[in-house]
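S.K.: Take a look at this one; I'll ask things after.
The values are calculated or read from the model by the stated rules, or taken from the named source; none is laboratory data. Keep in mind the model is a prediction, meaning the values are calculated, not measured. Note: ideal-geometry Cβ built from the backbone for every residue, glycine included; neighbour counts use all protein chains shown. Side chains included, ligands, DNA and RNA excluded: accessible areas come from the protein's heavy atoms. Shrake-Rupley method; radii C 1.70, N 1.55, O 1.52, S 1.80 Å.
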Amino acid sequence: MVTVGICEDDPRIRRVLDEALTGSGFETILAHDGGEALRLFAAAGSVDVVILDIGLPDSDGRDVCQALRAGGQQAPVLFLTAKDGLSDLMSGFHAGGDDYLTKPFAVAELVVRVTALARRTAAQVPPSGLVLDPQRFSLRFGAQEVTLTPTEFRMLAALAARPGEVVRRRAVVSAGWPYGAIVQENTIDSYVRRLRTKLAALGSPVGIETVRGVGYALR
């Protein structure tokens, strides 16, 4: 049985999605905001597909997706949004999304998309022990916590989602800045230095390693 995590703040839409998916043979877990989604969906294996509204009352759904990825949750994510601009679509994919559906949508199409996403398999990556909170824009390790800027949050999430792997510089930029933004090299370096300082302040066992000419790795 495939389990679908649904995070949608509109109770009417949430109910329609729940009924459509359970009627199609899926199990569902329901969340009404980003904080609840993180509590219910974060554990690896807890859900097979995530449906995530971008316009949540407590946080941006794209930041919630990044926090889930950073915690090791690799289930495919389908974003729901009222925005259909290219920059919105690109930011959703850069945040770790796998598919994108614009409201209003046909329920039958959503079920077909979820079915297709459920066929995908992904190895669960071991979490680094770092916890990213998209509601507070903070980073926790153990009992310690530091505040991050939105850009720092998104850059670090891109690295934490793939611990040990080298993430190309352009992928880190795409995660941290809007689509099409021109970002200077020294700006990126400055943000990386700030993140290293904050990781060290937490006593994190991992840090950001620069792979010259390629990108960065969280190791």
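S.K.: Using the Karplus equation 6.51 cos²θ - 1.76 cosθ + 1.60 (θ = phi - 60°), what ³J(HN,Hα) coupling, rounded to whole Hz, does each residue of region 18-28 give in order, writing x for Gly and Pro?
M.R.: Residue by residue, region 18-28 yields 4, 5, 5, 6, 5, x, 9, x, 8, 8, 10 Hz.
S.K.: What's the extension gain from Arg193 to Glu145 if we count 0.36 nm per residue and subtract their Cα-Cα distance?
M.R.: 15.5 nm
S.K.: Only one of the values (i) 66, 47, 32; (ii) 50, 36, 30; (iii) 74, 49, 35 was calculated from this structure for Cα extents along the principal axes in Å; name its label.
M.R.: Comparing each candidate, only (ii) matches the computed number.
S.K.: Note the full-extension length gain between Gln184 and Ser87 as 0.36 nm times their separation in residues minus their Cα-Cα distance, in nm to one decimal. Can you show the working numbers first?
M.R.: Details: separation 97, 0.36 × 97 = 34.92 nm, distance 1.98 nm.
Length gained between Gln184 and Ser87: 32.9 nm.
S.K.: Which whole-number percentage describes the relative contact order of the chain, with Cα contacts under 8 Å and a sequence gap of 6 or more?
M.R.: Details: 408 pairs, mean separation 36.1, N = 219.
Relative contact order of the chain: 16 percent.
S.K.: Oh, and also: How much net charge surrounds Tyr191 when only other residues with a Cβ under 13 Å from its Cβ are counted (Lys, Arg +1; Asp, Glu -1)?
M.R.: +3
S.K.: Here's another thing I want to ask about it. Share of the chain's accessible area from carbon and sulfur, percent, 1.4 Å? The partial results should precede the final answer.
M.R.: Numbers: 5310 of 10160 Å².
Carbon-and-sulfur percentage of accessible area, whole number: 52.
S.K.: Residues of region 3-119: accessible area per residue at 1.4 Å, in Å²?
M.R.: It amounts to 39 Å² per residue over region 3-119.
S.K.: What order do you get for 57-64, 177-184, 204-211 when each peptide is scored by the mean count of other beta carbon atoms within 10 Å, highest first?
M.R.: Order by mean packing, descending: 57-64, 204-211, 177-184.
S.K.: List, in order, the whole-Hz ³J(HN,Hα) value for each residue of region 177-193 obtained from phi through the Karplus relation with A = 6.51, B = -1.76, C = 1.60 and θ = phi - 60°; use x for Gly and Pro.
M.R.: Per-residue couplings from phi come out as 10, x, 4, x, 5, 9, 10, 6, 4, 5, 5, 4, 4, 5, 5, 5, 4 Hz.
S.K.: Whole-Hz ³J(HN,Hα) for each residue in region 103-114, computed from phi via Karplus 6.51 cos²θ - 1.76 cosθ + 1.60 with θ = phi - 60°, x for glycine and proline: what do you get?
M.R.: Per-residue couplings from phi come out as 6, x, 10, 7, 4, 4, 5, 4, 4, 5, 5, 5 Hz.
S.K.: At 7 Å along the Cα-to-beta-carbon direction for both Glu165 and Val107, put a label point, then send me their distance in nm to one decimal.
M.R.: Computed distance between label sites Glu165 and Val107 equals 3.6 nm.
S.K.: Which angle between 0 and 90 degrees, to the nearest 10, do you get for helix 150-160 versus the longest principal axis of the chain when only C-alpha atoms count?
M.R.: Between the helix axis and the principal axis of the chain, the angle is about 90 degrees.
S.K.: Return the FRET efficiency for the residue pair Arg12, Ala118: r is the Cβ-Cβ distance, R0 is 25 Å, and the value is rounded to the nearest 0.05.
M.R.: The calculated FRET efficiency here is 0.55.
S.K.: Order these peptides, 190-196, 104-110, by their mean beta-carbon neighbour count within 10 angstrom, highest first. Walk me through the intermediate numbers first.
M.R.: Details: 190-196: 16.4, 104-110: 12.3.
Output ranking for 190-196, 104-110: 190-196, 104-110.
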